[in-house]
Amino acid sequence: MERGTRLVLGGRWLALVPFLLITAAAGAAHKSDAGGDAAITLINHSSMVIQRLQELLQNGNASDSMLRIRTSSSDEVKVIHTHKLLLILQSDVFEETLGNQSVVTLQERPECAVLFEKFIRYFYSGEITIQLNQAIPLHRLANKYHVSALQKGVTDYMKTHLASESTQGHVVSWYHYAVGIGDETLQESCLKFLAWNLSTVISSNEWVTVSDDLMVSLLQRSDLVLQSEVELFAAVEGWVNRNNPNVSIIEKVLRSIRYPMITPSQLFQIQKQSMLLTSYQSFIQDLLFQAFQFHSASPLQLAKYFDVNCSMFIPRNYLSSSWGSQWIINNPARDDRSLSFQTQLGPSNFDSSKKITWNALFSPRWLPVSLRPVYSESVSSASQSNRLEEGRPRLVVTSAMSGLDFAGVTFQKTVLVGVRRQQGKVFVKHVYSVHQSTDEVSDFLAHADLQKRTSEYLIDNSLHLHIIIKPIYHSLIKAK
């Protein structure tokens, strides 16, 4: 059997089982003479029925139809002997195709033709094994032949395996496929994963396969998770050099880099060393000038003349220690934990020496006051313990320097929750964000079961968090 994920799906296939069970299963209902209670017993031989159905396909017994599978890249024809009833129960396309004929020739993509027999076996068993590189071909087949249950099953598989390890990468290709078929839900899931794990994607083989539209979409986001804006510029330059997009795309991506988030010394270095800027610096000359102005004056002074509310002045989710701290909590279900760390007041070079201290408190089982147990002799200790177990994880992040004047600046607190997949890599799966007006991270791990070592939120029984503090500027005086 292939190694992969096994999908067990229902749908119209299940409608066939009661009919077939007549030949393989029996049920009996007996009434008790003594008490009159009904004693109903189910005798289930469905696995035997499925086995016999698979034997029908394998041996071609009682076949009443034949599928001839061809591809444009080969003269080879693959022949599969099938049974109309089993195909038309789940596919209206097969119902129409096989209605008046018993032999049909189907033209398929090479990658779909390879999996076509596996696809047909699904009609006889209601289950299928799937691997990462088989997701798109199987989804194409399910979509083409209107097998809705299989299509949904493969889509769910793709959404839950975005972080799975693969040699060539797969999320970019899944995104492009989702765009092609108009699956907005899958498209957004892929886009979110790429944004939250951009540093990992940048260093993978799939970075060069990013399309022009996807690159533009990514660079517009403020929730990109990466080391720094310099890392993003270097990755974009590598992408441009490998893909050679048209000039209009080059201008778009260069103008999407947030140059104020890069220090003056790094900006000078980029201008001197980047071959891309040597050729296209005229596209962003105004942005570079604006960035140097940003670093030379206080944010309040800058806000008198520029619109500091635009995306250019909003930091992304930078993993650098200047903007937050990693926090690995061992045995997170055990007791409360706390963490103190410092961040830079803002990305401006004017504020680079100013630090803010932050305190974080994590509680694995916190209860609102209205639900907290009242300890008294009338309430048993077991009952009190049960109420505590009802609590949910809580995370509070507060400034230890609240007395300082942060005029014109508020802080967005972003918490990344990492999960691990193969080869020890940690991927971001959950992102929580709150603003200065709120200290507590709402709905933090609301559905997580931190008591279980097998919890998807834990890595070796530890909770991997990264807290990021993002300064957001606001205009106090109308920009001129």
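A few comments on the model shown:
- Peptides 92-101, 198-207, ordered by how many other C-beta atoms sit within 10 Å of their residues on average, highest first, read 198-207, 92-101.
- The share of C-alpha pairs in the stretch 192-231 whose separation exceeds 17 Å stands at 20 percent.
- Highest to lowest packing among 305-314, 264-273, scored as the average C-beta count within 10 Å: 305-314, 264-273
- Out-of-range pairs (alpha-carbon distance over 30 Å; input LYS355/LYS452; LYS192/LYS272; LYS252/LYS355; LYS354/LYS413; LYS192/LYS304): LYS355/LYS452; LYS192/LYS272; LYS252/LYS355; LYS192/LYS304
- The alpha-carbon atoms of the stretch 115-237, seen along their principal axes, cover 54, 26, 19 angstrom, with the largest extent given first.
- Mean Cβ neighbour count within 10 Å, used as a protection proxy, ranking 114-125, 277-288, 186-197 highest first: 186-197, 114-125, 277-288
- As a fraction of the 1.4 Å probe accessible area of the stretch 159-198, surface on carbon and sulfur atoms comes out at 49 percent.
- Listed by chain and number, the lysines whose C-alpha is less than 24 Å from the C-alpha of LYS78, apart from same-chain residues fewer than 8 away, are LYS118, LYS144.
- The local environment of PHE294, defined by Cβ-Cβ distances under 11 Å, has a net charge of 0 under the rule Lys, Arg +1 and Asp, Glu -1.
- The stretch 180-192 - phi-based ³J(HN,Hα) in whole Hz, Karplus 6.51/-1.76/1.60, Gly and Pro as x: x, 9, x, 8, 5, 5, 5, 4, 5, 4, 5, 5, 5
The values are calculated or read from the model by the stated rules, or taken from the named source; none is laboratory data. On a predicted model such as this, the values are computed, not experimentally measured, just so you know. Neighbour counts are summed over all protein chains in view; Cβ atoms, including those assigned to glycine, are modelled from backbone coordinates with ideal geometry. The accessibility values were calculated without ligands, DNA or RNA, using every heavy atom of the protein model including side chains. Shrake-Rupley method; radii C 1.70, N 1.55, O 1.52, S 1.80 Å.
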